[in-house]
Each structure stands twice: as structure tokens, then as C-alpha cells.
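Reading through the C-alpha cells given below for one structure.
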Amino acid sequence: MATKNIIADLNKAEKLTGTNYDIWHKKMTFLLNEQELYEHLTTIMTTPPEGNTAQSCRDLEVFETWSKKDRCVRFTLLSCMHDDLIGAYEHCATAKEMWDQLMFDFGGTSVTRL
């Protein structure tokens with residue numbers, strides 16, 4: 001429940017527009033750290049191989065839990081963006097892919113930003 005309140009509060013504030021990336025990046029980092037979800041911005045998990053062993057079942061359960069949390073992180077990032085940007089990033093398969101693409105598009109010094 002606390003996560004929904006924090007996200008609602010963030011949505012009342014300024015969303016990512018592209019020109020405010022630096023502060024938005026910091027706020028998202030703080031939020032996801034506090035929610036113990038920051039690892040989804042730095043790591044990915046691949047689908048485990050199929051199998052019928054107890055270890056295969058545990059691996060699949062861990063992956064499914066990770067996937068659910070990753071989806072929540074992606075939705076959080078998207079909900080904290082300006083509507084005009086959502087379509088450009090909703091296709092990202094993982095939160096890390098989205099985070100990395102946002103950093104590439106807005107985080108570095110580029111010719112278009114100069």
C-alpha cells in the first residue's frame with residue numbers, strides 16, 4: 001500500500017519530460033531503493049530451462065517472482081513519465097532495458113542536447 005501512495009505522490013509532481021532527466025533519475029533511484037526494487041534497474045534474469053526436478057520448479061518460481069516485480073518497476077517508471085514519452089518506452093522488455101534506454105536518450109551529453 002505504501003508503494004501506491006509514494007507513486008501517487010510522485011505523479012502529482014513533475015513527470016519526466018526529457019529536460020528534467022537528472023532530477024527524475026535521482027527520484028526514481030531513491031524510490032526504487034526504498035522499495036527494495038533497485039536491482040531491477042541493474043540486472044536481468046533469463047527464463048530458466050524447463051525441467052521436472054525440484055530445482056527447476058524453484059528456479060521457475062524465483063523467475064516468476066522476479067518477473068512480477070520487474071513488471072511493477074516498468075509500470076512505475078512509465079507512470080512517472082510525461083504522456084508523450086510513454087509510447088517510446090512501453091515496448092521495453094525489462095526495467096533495466098528501459099532504464100538504460102532512458103539514460104542513453106536523456107542522460108548523456110549528445111549533439112541534440114547541446
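The values are calculated or read from the model by the stated rules, or taken from the named source; none is laboratory data. If you're wondering where the values come from, they're calculated on a predicted model, not measured in any experiment. Cβ placement follows ideal geometry from the backbone for every residue including glycine, while neighbour counts extend to all protein chains displayed. Ligands, DNA and RNA are excluded from the accessible area calculation, which covers all protein heavy atoms including side chains. Shrake-Rupley method; radii C 1.70, N 1.55, O 1.52, S 1.80 Å.
Might you report the magnitude of the Cβ-based charge dipole of region 1-108 about its Cα centre, with Lys and Arg at +1 and Asp and Glu at -1, to the nearest 20 debye? Let's see the in-between values first.
Details: 11 positive and 17 negative charges, 54 e Å.
Approximately 260 debye in magnitude.
Spacing of the modelled spin labels on GLU64 and GLU36, each 7 Å from Cα toward Cβ, amounts to 2.1 nm. Projecting the Cα atoms of LEU41, MET98, HIS82 onto the dipole axis of region 1-108, where Lys and Arg carry +1 and Asp and Glu carry -1 at the beta carbon, places HIS82 farthest toward the positive end. The share of accessible area on region 1-108 that comes from carbon and sulfur is 56 percent, using a 1.4 angstrom probe.
Counting 0.36 nm for each residue step from GLU97 to SER56 and taking away their Cα separation leaves a gain of 12.2 nm. For the cross-link pairs LYS27/LYS68; LYS27/LYS96; LYS26/LYS68; LYS15/LYS69, which exceed 20 Å when the distance is taken from alpha carbon to alpha carbon? As for pairs spanning more than 20 Å Cα to Cα, those are LYS27/LYS68; LYS26/LYS68; LYS15/LYS69. Look at the alpha carbon pairs under 8 Å that are at least 6 residues apart: their mean separation over the length of region 17-114 gives a relative contact order of 36 percent. Distance between the pseudo-spin-label points of ALA88 and LYS27 (7 Å out from Cα toward the beta carbon): 1.8 nm.
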